[in-house]
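The values are calculated or read from the model by the stated rules, or taken from the named source; none is laboratory data. Note that the structure is a prediction, hence the values are computed from the model and not measured. Glycine also receives a Cβ, built like all others from the backbone with ideal geometry; neighbour counts cover every protein chain displayed.
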Amino acid sequence: MTLKTKNIEILKKLFDQNKYQEVIQEVDKLKKEDIDHIDTLNLIAYAYARIGKLENSIDFFYRALEVNSENYTTLIGLGDTLQEIGKQIEALNFYEKAVEKYPDDDVANFSLAQGYRKIENLKKAAFYYGKTDRRLSTAFQLECIYLDKNSDKKEFDKIIDESRKEAPNPLVASISRHAAIKNSTYDNYNFCSEPFKFINKENLIQNNIIDDDLINDLMRDINDANTSQKAQALIINGLQTSGNLFLLNSSSVNKIKEIIEKKIKLYREEFSDSREGIIKYWPKNFDIYGWIITLKKGGELKPHIHKLGWISSSIYLKRPKRKGLNDGDLKFSFDGAEYPSNGVSFPEKIQEINKGDMIMFPSSIFHSTIPFSSDEERITLAFDVLPT
């Protein structure tokens, strides 16, 4: 085994163990000629992306392109990372190159569909979603058809009927419920028929589970990690961190993750007698993906669902003082994402939130932040349970 091959194997082993910071630390020990191998460059780029350092990730992907301009991993990875920072057209360019080179590849077609969805080319997005068997591709295709004013209703009905034969997912559930309310019809999609009843609230500070010391340690460790900010069109006057917060190696992050893992287990147990799909089809394997959202005065988060999640949650680390009714509170609804409402009124529920509150809820339900007028920041640790 050559030295270069041995270095790649060391990095790959660390990467497969999710030790992304160690991958990056190991790189500092290597000589330049040992790094300039396509597999090494891609591993380093992905390691930086996973911990939210997107600018570093992009630099290494471009170095990989110089080695091989048609490398599959590089094209997809660079497209994904550019998309994360909001450079949609540049990302689309690399996805198109990937599909041109690998026309039957599931990931390439799905990525290209996502690219077209980001620039609101719904017809092309639906077409490429239809060319892949990746998880949720049918759900994303359904959403594009639902949003497209010129789409064929029969095609929508066909896809949603086919979806009912498969294990449920939150995105189809959200679309199905929205369409049923809009059209005054019965919704028989079995994910979570009464999501308001599945909203769980607990104050972690009052219950002595977290305290100000842990919150301060967590914020310090996250700031020290110097992660990139994610391009997020849903946020007004605020920021969202990139990458998975729980991949950062710090005692505060590990402590919060342990708490969350216990709360996820308790949430499932609380509703264990339910026959709803959210419990009946609870994923056997899942990851926890987290991020931080910071809103400033006048900030808000527009109505959205977490399409890749199963259940979602918010832990409020800092909450601005109320200057008006429901300032900075959380709103749940069955409407959002510019779905066609036809003037119909949709049910909604306002959830009062305070510092230390942990709110858990089905990922299928739209939620948003009510704008606030205080000069203080509103800081939230949000996470999804992601089926794997």
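Summary table
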| read-out | value |
| --- | --- |
| Residue 218, sole failed condition from (1) part of a loop (DSSP other than H, G, I, E, B); (2) over 30 Å from residue 156 (Cβ atoms); (3) among the aliphatic types (A, V, I, L, M) | (1) |
| Options 102, 116: the member that is at pLDDT 95 or above, touching a helix residue (DSSP H, G or I) at 6+ places or on another chain (Cβ under 7 Å) and either within 18 Å of residue 231 (Cβ to Cβ) or in the same structural domain as residue 234 (by TED's automatic domain parsing) (or both) | 116 |
| Within region 228-327, strands (runs of 3 or more DSSP E) holding 1 or more residues that are of a type in the set (D, E, K, R) and touching a helix residue (DSSP H, G or I) at 6+ places or on another chain (Cβ under 9 Å) | 286-301, 311-318 |
| Residue, nearest to residue 84 (Cα to Cα), within region 273-296, restricted to residues that are surrounded by fewer than 16 Cβ atoms within 10 Å (Cβ to Cβ) and of a type in the set (Lys, Arg) | 284 |
| Every residue from region 184-215 that is part of a loop (DSSP other than H, G, I, E, B) and in contact with a strand residue (DSSP E or B) (Cβ under 7 Å, 6 or more places away or on another chain) | 192, 199, 204 |
| Selection from region 213-228 of residues that are crowded, with 17+ Cβ neighbours inside 10 Å and of a type in the set (S, T, N, Q) | 227, 228 |
| Cross-chain or 6+ apart pairs with Cβ under 7 Å, region 354-365 first and in contact (Cβ under 8 Å) with a residue 60 or more places away in the chain, then among the acidic types (Asp, Glu) | 358/202; 363/384 |
| Filter result for the condition that a residue is outside the structural domain of residue 249 (by TED's automatic domain parsing), under 25 Å from residue 290 (Cα atoms) and free of Cβ contacts under 8 Å to residues at least 40 places away in the same chain, over 52, 77, 86 | 77 |
| Residue, nearest to the chain's Cα centre (by Cα), within region 150-173, restricted to residues that are surrounded by fewer than 14 Cβ atoms within 10 Å (Cβ to Cβ) and of a type in the set (Asp, Glu) | 166 |
| Residue count, region 322-346 (criterion: closer than 22 Å to residue 142 by Cα and among the acidic types (Asp, Glu)) | 2 |
| Residue under evaluation residue 371, criteria (1) closer than 19 Å to residue 234 by Cα; (2) within 18 Å of the chain's Cα centre (by Cα), criterion not met | (2) |
| Selection from region 333-362 of residues that are farther than 24 Å from residue 287 by Cα and in a strand (DSSP E or B) | 333, 348, 349, 350, 351 |
| Per-region count, region 233-271, residues free of Cβ contacts under 8 Å to residues at least 60 places away in the same chain and polar (S, T, N, Q) | 5 |
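Here's the yes/no breakdown for (1) within 20 Å of residue 80 (Cα to Cα); (2) under 25 Å from the mean Cα position of the chain (by Cα); (3) of a type outside the set (Ser, Thr, Tyr):
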residue: 120; (1), (2), (3): yes, yes, yes
residue: 134; (1), (2), (3): yes, yes, yes
residue: 190; (1), (2), (3): no, yes, yes
residue: 197; (1), (2), (3): no, yes, yes
residue: 203; (1), (2), (3): no, yes, yes
residue: 207; (1), (2), (3): no, no, yes
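Residues are listed down the side, and each one gets a yes or a no for (1) under 20 Å from residue 24 (Cβ atoms); (2) surrounded by fewer than 18 Cβ atoms within 10 Å (Cβ to Cβ); (3) in the same structural domain as residue 375 (by TED's automatic domain parsing):
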{"residue": "231", "(1), (2), (3)": "no, yes, yes"}
{"residue": "234", "(1), (2), (3)": "no, yes, yes"}
{"residue": "237", "(1), (2), (3)": "no, yes, yes"}
{"residue": "245", "(1), (2), (3)": "yes, no, yes"}
{"residue": "249", "(1), (2), (3)": "yes, yes, yes"}
{"residue": "257", "(1), (2), (3)": "no, yes, yes"}
{"residue": "260", "(1), (2), (3)": "no, no, yes"}
{"residue": "270", "(1), (2), (3)": "no, yes, yes"}
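Yes/no matrix, rows are residues, columns are (1) β-branched (Val, Ile, Thr); (2) in contact (Cβ under 8 Å) with a residue 60 or more places away in the chain; (3) surrounded by 19 or more Cβ atoms within 10 Å (Cβ to Cβ):
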| position | (1), (2), (3) |
| --- | --- |
| 124 | no, no, no |
| 188 | no, no, no |
| 199 | yes, yes, no |
| 202 | no, yes, no |
| 207 | no, no, no |
